[in-house]
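Take a look at the structure below.
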Amino acid sequence: MDAILIQILNGLDKGSAYALIALGLTLIFGTLGVVNFAHGALFMIGAFCAVTLQKILTLSVTTIDPERTDFLGNPMKVQTPYVENWFGPELGAAIIDWAVPLAILLAIPVMVLVGFVMERGLIKHFYKRPHADQILVTFGLAIVLQEVIKYFYGANPIPTPAPSAFKGSLDIGVWLGFDPYSIIYPYWRLVYFFFAGIIIAGVFAFLQFTTFGMVVRAGMADRETVGLLGIDIDKRFTLMFGLAAAVAGLAGVMYTPILSPNYHMGMDFLVLSFVVVVVGGMGSLPGAVLAGFLLGILQSFASMNEVKSLLPGIDQIIIYLVAIVILLTRPRGLMGRRGVMED
Amino acid sequence: MRRQNFSRRGLLRTGAIGGAGLALPTIFTSSASAFTNAPTGSAVTLGFNVPQTGAYADEGADELRAFELAVEHLNGGGDGGMLNTFSSKALDGTGIMGKKVEFVTGDTQTKSDAARASAQSMIQKDGAIMISGGSSSGVAVAVQGLCQEAGVIFMSGLTHSNDTTGKDRKANGFRHFFNAYMSAAALAPVLQNLYGTDRKAYHLTADYTWGWTQEESIAAATEAMGWQTTEKVRTPLGAGDFSSYIAPVLNSGADVLVLNHYGGDMVNSLTQAVQFGLRERQANGQDFQIVVPLYSELMARGAGSAIAGIPGSQNWDWKLEDEGTKAFVKSFGEKYGFPPSQAAHTCYVQTLLYADAVTRAGDFNPCAVVEALEGYEFDGLGNGPTLYRAEDHQCFKDVVVVKGAENPQDEFHLVEIVEVTPTEQVTYAPDHPMFAGGALGECNPGA
């Protein structure tokens, strides 16, 4: 029982990331009708917002300490971050320690801007083109973006730790009456799960309870009629692209302590997130979220030794197997609407 | 009267066949030279094939720095580095046999097919007479096989699988780096001293040739001293998030986690194991322990504080006190501003050993180089007295057992040397079962 609970918990953070990326993908597909293969790159750019802020906060002034020597026997060069000089050692160190959560403040405007430029500069020219063209151009864009990141940040993963306050783990087993240390879950993964929940709830509330959201939902259902009412739906959809980019970016920022960012992390998540969107049902926001968590947890279960001993290699293919089964039995996915991608 | 049937299609077909014949890679056809890529001008080209992307990109970048330094020293530049401490005095800073050393580089991408393609390109298009580098045994085995077919020497970089000089050994291939068996033989007595003989180990293993032989070696060595192996779990290379593999360790009954991972995988799996609180927990009435059989300073840097106190083994460490190490660290440190990694060291040494073998043989012919390296004993290159064993082309030398520093004085002192295990303790018979199933075969000059 405790092994099952561990794997459910374990699937939650991965599922959270899948759900957030798939949510953005579905928002873009539902509003603009574009299959955006560059969405994984937006997740990656978000992660590098955290790396960038960490680098900015650790920019240092170099002084020579004559009493210490370096590995060559020369006087030691000591690096002191500017923020520690400006705000004092304790506050400065705390600011650096909290670089990842603080990066959210940087990521929101950056990602909205990136999304806006991407949509106005390139993707809007492909609205009326076949989905195959959209996939090709956005996939090409994803490769360009990851090569740009590789050029500036290198190919290696960059450690981006969580604040020290969240470095430990929670003994959930004790709460549930199991032996101590039988069900352990790192604090930051819990933070990520709740963060994902807040973002998802925020997006749904925005679409459900604001006038802007109501217009967007109306546009998703019948774009032409909304246009005939004199509403500039294109402008609102462009803003939705920016919102989707911000969601992917925030998912990336907060994921950095779980997985050190590297330039191809977006591609790793993109393919799985697309499967999530298809399983959830193209164009269905609740479907994307449901499928994200479902597939994350299933993938986690497939990694259990008991399962792998019965079906070797199942952990690598479980998501695709589930996708095949669901698409055979429910061709529109779990919560897909009639008519979407069926013309 | 005979009619000649020339048609447009026939002409195109004939032209295509002729063109394809002319374009056939020269490595698969005979040439006028006695061996592949015999240097004819005033320069000789070496090919450095390293991972510039992927899980082992850190090691690859450092390997490339070391190769550049070795070429500089061979051509008489810089302070000469280990040329000054090398027991052989054949090299004099005038290149190799008077020919200036030039080099080309390739990206293995830590993928066997990409590594073979870039090695083939360096041999075929750039005329490389020797290939070196690599930070993955899967890549090393693949490129070693290609070099054997092509008739060039392969001086492997960081490859730790027993198979490289075991079942996949080749006459044209040579390994200076130690192997999984040696790691286990050096590490096991230290583990016994640290953690006793009553332990239950859980293995997470990178699912490719290196991981398999590392797991086999360390499991055999620890079982021989009384430890039990509870589970051996294979993980995909570059998995990123290892949490679903780490979580089952909690209730497995194990009290030691052995991470048979390297590079980015090891950084991620160790960091996540620590996040899951494994190091704070008790199991079977003992403190839970983590062991990383193959270690490096580069990985320690990526893992940060998670590495503190964790034991492992290295081929070499920049903090060793011998003259060769001091000379290399000085050259490398002054050029690049930080100490070299073990990946850099082995690549630098391999380049010098190749140049020295050619010079001693007086010939670039791969078969002459093989003869010069087989059974060669040398010193002054950072590992103490070393033998290139003729039977398997494996170097036998001391092994460094290390652990993560608890309170590192700076970012370069993340690893502490626990002991230097003498060569005798890590030496094995050429027909040891873990290395069985292969044969060197005949050297191939490629002509």
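Observations on the structure shown:
- For the pair B:D113 and A:A93, label points projected 7 Å from Cα toward Cβ lie 5.1 nm apart.
- Helix A:99-121 and the long axis of chain A differ in direction by around 40°, with both axes built from C-alpha atoms.
- Near A:D65, once Lys and Arg are set to +1 and Asp and Glu to -1 for all other residues with Cβ below 14 Å from its Cβ, the sum equals -1.
- Members of A:K308/B:K403; A:K150/A:K308; B:K99/B:K125 lying beyond 25 Å, as alpha-carbon distances in this model show: A:K308/B:K403; A:K150/A:K308
- Near B:D392, once Lys and Arg are set to +1 and Asp and Glu to -1 for all other residues with Cβ below 9 Å from its Cβ, the sum equals +2.
- Spin-label model, A:L122/B:E424: points 7 Å from Cα along the beta carbon direction are separated by 6.5 nm.
- Highest-fluctuation residue, A:Y192, A:Y263, A:Y320 considered, GNM on chain A with Cα pairs under 10 Å: A:Y320
- Ordering A:N74, A:A165, B:G93 by Cα displacement along the dipole of the protein assembly as shown toward the positive end leaves A:A165 in first place; charges were set at the Cβ atoms of Lys, Arg (+1) and Asp, Glu (-1).
- Among B:F177, B:F154, B:F276, residue whose mean-square fluctuation peaks in a GNM of chain B (springs only between Cα atoms under 10 Å): B:F276
- Per-residue Cβ neighbour counts within 10 Å put A:I149, A:I95, B:I123 in the sequence A:I95, A:I149, B:I123, beginning with the fewest.
- Translational diffusion of the protein assembly as shown was estimated from the Stokes-Einstein equation, with Rh taken as the Kirkwood radius over Cα pairs; at 10 °C and 1.306 mPa s the coefficient is 55 µm²/s.
- Classified by the C-alpha gyration tensor, chain A has an oblate form. Its axis ratio a/c, with a ≥ b ≥ c, is 1.5 or above, and a/b does not exceed b/c.
- Computed over the alpha-carbon atoms, chain B gives an Rg to Rh ratio of 1.03, Rh here being the Kirkwood radius from the mean inverse distance.
- Helix A:2-32 axis, angle to chain A major axis (alpha carbon atoms, nearest 10°): 60 degrees
- Averaging 1/r over every pair of different alpha carbons in the range B:122-240 and inverting the result gives a Kirkwood radius of 15.6 Å.
- Distance between the range B:181-239 and the range B:299-340 - C-alpha centres, whole angstrom: 24 Å
- Between 0 and 90°, nearest 10: helix A:233-255 axis offset from chain A longest Cα axis: 40 degrees
- Average Cα contact separation per residue, the range A:194-343, under 8 Å, 6 or more apart, as relative contact order %: 18 percent
- Taking GluC sites (Glu not before Pro) as exposed when DSSP calls them loop and at most 10 other C-beta atoms lie within 10 angstrom, chain B has its longest site-free stretch at B:1-320.
- Span-rule helices in chain B, defined as complete DSSP H runs reaching 20 Å or more along the axis (Cα) with Kyte mean at least 0.0: B:8-23, B:180-195, B:342-361
- Maximal additional length on extending the A:D232-A:Q208 stretch stands at 6.7 nm, based on 0.36 nm per residue less the C-alpha distance.
- Legend: mean number of C-beta atoms from other chains within 10 angstrom of residue C-beta atoms, peptide A:215-227, equals 0.
- Cα gyration tensor, the range A:98-253 - rounded (a/c under 1.5), prolate or oblate: oblate
- Using C-alpha pairs below 8 Å separated by at least 6 residues, the relative contact order for the range B:209-284 is 32 percent.
- Prolate/oblate/rounded call for the range B:44-119, Cα gyration tensor, a/c under 1.5 rounded: prolate
- Residue-averaged beta-carbon neighbours from other chains (10 angstrom radius) around A:151-158: 5
- On a per residue basis, the convex hull of the C-alpha atoms belonging to the range B:181-314 measures out at 89 Å³.
- Ranked B:V50, A:V215, B:V141, criterion: other C-beta atoms within 10 Å, fewest first: A:V215, B:V141, B:V50
- Pair A:I8, A:A201: separation of 7 Å Cα→Cβ label points (nm): 2.0 nm
- Diffusion of the range B:297-447 by Stokes-Einstein, at 4 °C in a medium of 1.567 mPa s and with Rh set to the Kirkwood radius over alpha-carbon pairs, works out to 75 µm²/s.
- Cysteines without a disulfide-compatible partner [chain B; Cβ-Cβ under 4.7 Å]: B:C147, B:C347, B:C395
- Hits among aspartates and glutamates - C-alpha to C-alpha of A:K235 under 16 Å, sequence gap 8 or more where chains match: A:E119, A:D222, A:E224
- Choice from A:G296, A:G24, A:G73 with maximal GNM fluctuation in chain A (Cα, 10 Å cutoff): A:G73
- Residue pairs, from the table B:K167/B:K200; A:K77/B:K335; A:K55/B:K319, whose Cα atoms sit over 21 Å apart: B:K167/B:K200; A:K55/B:K319
- Highest average packing first - A:125-133, B:349-357, Cβ atoms within 10 Å: B:349-357, A:125-133
- Peptide packing: for A:174-180, A:200-206, the average count of neighbouring Cβ atoms within 10 Å per residue gives the ranking A:200-206, A:174-180, highest mean first.
- The range B:382-447: chymotrypsin sites (Phe, Trp or Tyr not before Pro) falling in loop per DSSP and having at most 11 other Cβ within 10 Å: none
- Summed residue charge, Cβ within 13 Å of B:D379's Cβ, Lys/Arg positive, Asp/Glu negative: -3
- Peptide A:8-18, shielding by other chains (average Cβ, 10 Å cutoff): 2
- The range A:45-77 versus the range B:62-118: alpha-carbon centroid distance in Å: 30 Å
Bear in mind these aren't lab numbers, they're just calculated from the coordinates by the rules spelled out. Just so it is clear, the structure is predicted and the values come from calculations on it, not from any experiment. Every residue, glycine as well, gets a Cβ built from its backbone with ideal geometry; the counts of neighbours run over all protein chains shown.
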